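Here is the structure we will look at, set down as structure tokens.
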């Protein structure tokens, strides 16, 4: 179903991202090959100038990625009106095998681009720019990721078959399974929520501990931070599950409707936007705080990395509390006004 | 944080000043971009309003429509099938319908003639919001019709109520208009002549015992698909269409048409992006001088990239808002005059004021991402090229 405004907009965004990525990759290749921080040659000056371009292009890429993620979700909602058995965006994503992978690649793309920009910013803080070569290797790794993103999107959109009245026989019973399939089945809400809040508490405690002071040994410093980053990644996946399986039903006031996408719609006052904003920013801050720690061991990087790390952890904890408050609000109001409490 | 905003505001201020200094050059970009956005947004708004309208109208469509097929074409269905359908558990009501197109040679228009049996118990004085003047049909009416204002005008009826149509054997059938459809139904009824089943059978000379299709009403919407499946099993060779399918087909057709519009728009966009790229790439001597002086004054490469970005963003956002607003006016006030033929078809009798644009964040985002983003990307590399001019190049 490529002949559709949504598909075209998504493909235009993808094409633009690929063009920007390709231009940045050309610079990356040059930097990886010829970069010499101490040199004073014309080529080095040109490379330094080009690294500005790459940084700008990656920032554009991140903005494009955020918008195209939003577009993809809204497009799926609009596709659900023309697909067999799709009641909401979930159904549209499940319409073929490529929907969910395309979405997942877009979501993780946000983090990957964000990390690149963060690395670039930290690199500029130091006179010696010790991260330059590393960040451009990283950029080159992002190119196949970008291609995969576009190919998955093409496969998803190309294989969508709209449900239309055919001239031979109107009824298309084969495909009508139309119960608006959910991403996950019904899960035991109470134990799951208890586990979730417990895990969030643990994460908060871990972050708080990191704020209190630097570990004495390098090993403990690194392992603590990497655990923290992994913890945030797990929290991200856990939160998506919780929003889908538990929280969304309370927002829709429908026990059988478990969809993480419809909460973005106007019918539900777009509550999904603050929820996802808080989730993505807190996870990005938390994860990046852990992930940048190894860079602090490089010469002349300890100060900027430490400053960023502390700021990011503080931010992630504040956003975490806000996020938990917002998602707990809906079940709380429902249970309180329903008289269950 | 305030230092960051202060810097940003200063750069934005400088960008606005810079835009005003190059007013002529920026004006041409602005006008072209506005035009491109206007066209795309008009398409989008018209499709949106048509989809919403179709949704509203289809509420009144029958749950299931049953048509007889023969050699891949629709033919008349035997009235007797009605009893078989009524026997299915869950079916509330089955109604016969005769409908077809009547080509009026005098005016060159195609009318859609619909013959239905008016429900028993309909009263003379019952008002129905779909009829603006007169009344609907009554069970025992003969030779009475309800038509749209458009058809009255096309037939040149004026204040008269009677007109005639030809039967296939060229004898005349005479009709009296007893009601006029309300204008809000125009999209649906602009070309409709509604009459009783018997009158329609007489006009088209359809043999007794045959009708065009059967309309099935189902008591429980959850059972719709199951009942449709049963009908397909009981009556071999029929086409069974559910309301949901009609709805989805309408959506697909509208989305195809707007997709087609978007493809046409893409060529315009590509041409525009090349134009913008070209404009932004050619660095004039003054521009090089300006950047050089800014660098001497202490501006960094990053600041100048931000400056160029601000310029592009201001132009494209202004063009976006203006284009979208113009498209809104075009659709809401002028009923999409420029594009309506593409979306509504080419028939002689066309609904007049069918479009009510819907305000949707999704439409805004769609238009934004397909127009503003490519423009910003097209100006990215030229912005960088301008920003890396060396300070000593002007000294």
- Which whole-percent values make up P(r) of region A:189-337 when all C-alpha to C-alpha distances are grouped in 10 Å steps starting at zero? 11, 39, 27, 15, 7, 1
- Expected sort for A:276-286, A:28-38, B:166-176, A:108-118 on mean C-beta neighbours within 10 Å, highest first, is A:276-286, A:108-118, A:28-38, B:166-176
- Inter-chain shielding metric for B:246-257, i.e. average beta-carbon neighbours from other chains within 10 angstrom, reads 6
- Averaging 1/r across every pair of distinct alpha carbons in region B:1-66 and inverting yields a Kirkwood hydrodynamic radius, in angstrom, of 16.6
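Hey, could you grab the Kirkwood Rh for region A:214-284? Inverse mean 1/r over distinct alpha carbon pairs, Å, one decimal.
Details: mean 1/r = 0.0721 Å⁻¹.
It is 13.9 Å.
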- Task: Just order A:223-236, A:58-71 by mean Cβ neighbour count inside 10 Å, highest at the front, would you?
- Result: A:58-71, A:223-236
- Once you have the Kirkwood Rh of region B:32-126 from its Cα pairs, apply Stokes-Einstein at 37 °C and 0.692 mPa s and quote D in µm²/s. 180
- Query: Which order results if B:28, A:249 are arranged by neighbouring Cβ count within 10 Å, fewest first?
  - Reply: B:28, A:249
- Bin by bin, in steps of 10 Å, what percent of the Cα pairs in chain B do you find, going until the bin that has the longest distance? 4, 17, 21, 18, 12, 9, 9, 7, 3, 0
- Please work out the FRET efficiency for the pair residue B:107 and residue A:269, using the Cβ-Cβ distance as r and a Förster radius of 60 Å; give the result to the nearest 0.05. 0.75
- Item | Span per principal axis, largest first, for the Cα atoms of region B:77-211 (Å) | 49, 37, 26
- Item | Pairwise centroid distance, computed over Cα atoms, of region A:244-281 with region B:274-311, Å | 44
- At residue B:93 and residue A:204, where each label point lies 7 Å from the Cα along Cα→Cβ, what is the point-to-point distance in nanometres? 6.0
- Overall Cα dimensions of the protein assembly as shown - principal axes, largest extent first, Å: 100, 67, 46
- Whole-Å distance, taken between Cα centres, linking region A:104-132 and region A:296-319: 14
- Rh (Kirkwood, all Cα-Cα pairs) for region A:263-321, Å, reads 12.7
- Per residue of B:379-385, other chain Cβ atoms within 10 Å number on average 4
- Message: Per DSSP helix of 4 or more residues, -39500 (n - 2.57); summed, then divided by the residues of chain A. What does that give at 222 nm, rounded to the nearest 500?
- Response: -24500 deg cm²/dmol
- Task: Could you list A:41, B:112, B:189 in order of exposure, starting from the residue whose Cβ has the fewest other Cβ atoms within 10 Å?
- Result: A:41, B:112, B:189
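Evaluate chain A: find the radius of gyration of its Cα atoms, find its Kirkwood radius, and give the ratio Rg to Rh.
1.03
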- Task: Using only Cα positions of region A:5-158, each an equal point scatterer, no hydration layer, compute I(q)/I(0) via Debye at q = 0.09 Å⁻¹ and quote the log10 values to two decimals.
- Result: -0.35
- Going highest first, how would you order A:19-27, B:80-88 by mean Cβ packing within 10 Å? A:19-27, B:80-88
- Message: How would region B:134-254 be classified by its alpha-carbon gyration tensor: rounded, prolate or oblate, with rounded meaning a/c under 1.5 and the a/b versus b/c comparison settling the rest?
- Response: prolate
- When B:147, A:246 are ordered from fewest to most other Cβ atoms inside 10 Å of their Cβ, what list results? A:246, B:147
- On average, how many beta carbons from a partner chain sit within 10 Å of the beta carbon of a residue in A:44-51? 2
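Every read-out reported here was derived from the displayed coordinates using simple, explicitly stated rules and does not represent laboratory data. Fair warning: this is a prediction, and the values are worked out from it, not measured in the lab. Cβ coordinates were reconstructed from backbone atoms using ideal geometry, including for glycine residues, and neighbour counts include every protein chain displayed.
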